[in-house]
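See below for the structure under consideration.
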């Protein structure tokens, strides 16, 4: 696996999580509605960015295992990651849920609501960090 590319991916995903944390914190602190609208937009963009980085990581892993197929959708790719013991069933289910949210954002105008996204993020912060841990352990073993 390209260790430098994985390092950059880990750096980017950590930065995205820091931005998400800051935005979520500021959303509760700031009362100005215009600023809150901008913060909510930032949360949505960071939400999407996290999944783009997960897609990149998945692609890297499957290419390394020589089982990557461009025709596979993300759901199939995540199942392959689980089958090859890169992610466990809990993370597979989390990432599939995340994928569904991402698809709803990308394909349905203003759906899901920002409140639904925030709730999902708050409930799954530990799983998001667990994925980073998996990436970091993989980097250490390259």
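What the table below lists for this structure:
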| quantity | calculated |
| --- | --- |
| Number of the condition not met by residue 27 [criteria: (1) loosely packed, with under 14 Cβ neighbours inside 10 Å; (2) over 16 Å from residue 139 (Cβ atoms)] | (1) |
| Residue count, the stretch 1-24 (criterion: surrounded by 13 or more Cβ atoms within 10 Å (Cβ to Cβ) and in contact (Cβ under 8 Å) with a residue 24 or more places away in the chain) | 13 |
| Number of positions in the stretch 1-42 that are assigned to a helix (DSSP H, G or I) and either under 24 Å from residue 99 (Cβ atoms) or touching a helix residue (DSSP H, G or I) at 6+ places or on another chain (Cβ under 7 Å) (or both) | 27 |
| Helices (runs of 4 or more DSSP H) lying entirely in the stretch 43-142 (those with 1 or more residues that are touching a helix residue (DSSP H, G or I) at 6+ places or on another chain (Cβ under 8 Å) and within 19 Å of residue 12 (Cα to Cα)) | 89-107, 114-123, 125-140 |
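Coordinate-derived values only; no laboratory data. What you are looking at is a predicted structure, and each value in this text was computed from that prediction instead of being measured. FYI the Cβ positions are ideal-geometry reconstructions off the backbone, even for glycines, and counts take in every protein chain you see.
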